[in-house]
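Here's the structure, in structure tokens; my notes come after.
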Amino acid sequence: MRLDKFLKVSRIIKRRTVAKDFAENERVMVNGRIAKPSTEIKKGDILTLRIGDRETVFEILDIKENIKASEARNLYRIIE
């Protein structure tokens, strides 16, 4: 699944266009590398998201195309 779509489906970022902007401005890393919106992600990948001067690290636990908002939190785990 594309990075920008995963960020939206998992509700880490509310809109796909915002997720795309984050990636295009080098504020998202996958496994320690700066990621583009089209970067393919898979289970076990580590996402680092920079918002301002704060970094949040996520581990991807599952990937699903469609999911209820109440279950979206089960797609990832916050590491830091």
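Where a number appears in this text, it was derived from the coordinates with a stated rule and is not lab data. This is a predicted model, so every value here is computed, not measured. Here the Cβ is made from the backbone with ideal geometry for all residues, glycine too, and neighbour counts use every protein chain on show.
Assuming Thr17 fulfils every condition listed in (1) touching a strand residue (DSSP E or B) at 6+ places or on another chain (Cβ under 6 Å); (2) exposed (fewer than 13 other Cβ atoms within 10 Å of the Cβ) apart from one, which condition is it? For Thr17, the exception is condition (1).
Assess whether Lys64 counts as being in contact (Cβ under 8 Å) with a residue 12 or more places away in the chain, of a type in the set (Lys, Arg) and surrounded by fewer than 13 Cβ atoms within 10 Å (Cβ to Cβ). Against the criterion (in contact (Cβ under 8 Å) with a residue 12 or more places away in the chain, of a type in the set (Lys, Arg) and surrounded by fewer than 13 Cβ atoms within 10 Å (Cβ to Cβ)), Lys64 does not qualify.
One residue stands out among those in the stretch 9-38 that are in a loop (DSSP other than H, G, I, E, B) and of a type in the set (Lys, Arg): the one that is nearest to the chain's Cα centre (by Cα), which is Arg11. Among residues of the stretch 1-14 being farther than 13 Å from Tyr76 by Cβ and out of contact with any Lys or Arg (no Cβ under 7 Å at 6 or more places or on another chain), the one that is surrounded by the fewest Cβ atoms within 10 Å (Cβ to Cβ) is Lys14. Taking the stretch 42-73 as the range and being outside any strand (DSSP E or B) and over 18 Å from Lys14 (Cβ atoms) as the test, the residues that pass are Lys42, Lys43, Gly44, Asp45, Asp53, Leu61, Asp62, Ile63.
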